[in-house]
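Okay, structure first, notes after.
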Amino acid sequence: MFTKLIGTTIFLVFGSAAVIFGFQDQQPTQKDVSKFMARKLDDSRAIVAGLATENYELIGKSAQDLMLLSHEADWNVIQGQQYLRMSNDFRGSAERLRDTAHRKNIDGATLAFFEVTMNCVRCHKYVRESKPD
């Protein structure tokens, strides 16, 4: 009984380690990227809805959610200083959006969202151009 318990424990420890380390080397699948992108788009749509209805709580929460997404591992699709700078620019814009929403400044929030959108478009263009054919 004790030997069986030890064997099962060793199997679980080493099996879990193999799974964890095996998955770290794999690139995210297209399905994973699509799911992550859908989350970003959902937050963006919520911001537009919040701006249209002056729902500052929705704007602020969605901007915060975008900031949190930008810290997830799936965010980092390429490496390099330019990509890091673009990600930081995005976070700064999302932070301004969140802060203007907290101040109930619809014009400031609208401009900040425009800045967030411009950062998204620039970065996506950069990523597309950086990928090898």
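Please enumerate the residues belonging to segment 54-97 that are farther than 25 Å from Lys125 by Cα and surrounded by 13 or more Cβ atoms within 10 Å (Cβ to Cβ).
Asn55, Tyr56, Leu58, Ile59, Gly60, Lys61
Run down Ser93, Ser87, Ser62 and say which single residue is in a helix (DSSP H, G or I), closer than 18 Å to Leu41 by Cβ and at pLDDT below 90.
Details: Ser93 fails: at pLDDT below 90; Ser62 fails: at pLDDT below 90.
After ruling out the rest, the residue left standing is Ser87.
Restricting segment 96-133 to residues that are of a type outside the set (D, E, K, R) and assigned to a loop (DSSP other than H, G, I, E, B), which is nearest to Asn55 (Cα to Cα)? Don't jump to the end; show me each part of the working.
From segment 96-133, those of a type outside the set (D, E, K, R) are 97, 100-102, 105-106, 108-114, 116-121, 123-124, 126-127, 130, 132; that's our starting set.
Those still in the list that are assigned to a loop (DSSP other than H, G, I, E, B) too: 105, 132.
Details: Asn105: 11, Pro132: 42 Å.
Residue satisfying both the conditions and the ranking: Asn105.
Give me a count of the residues in segment 93-123 that are polar (S, T, N, Q) and touching a helix residue (DSSP H, G or I) at 6+ places or on another chain (Cβ under 7 Å).
The total comes to 4.
The values are calculated or read from the model by the stated rules, or taken from the named source; none is laboratory data. As the structure is a prediction and not an experimental result, all values here were calculated from the model. As a convention, Cβ positions derive from the backbone with ideal geometry for all residues, glycine included, and neighbour counts pool all protein chains shown.
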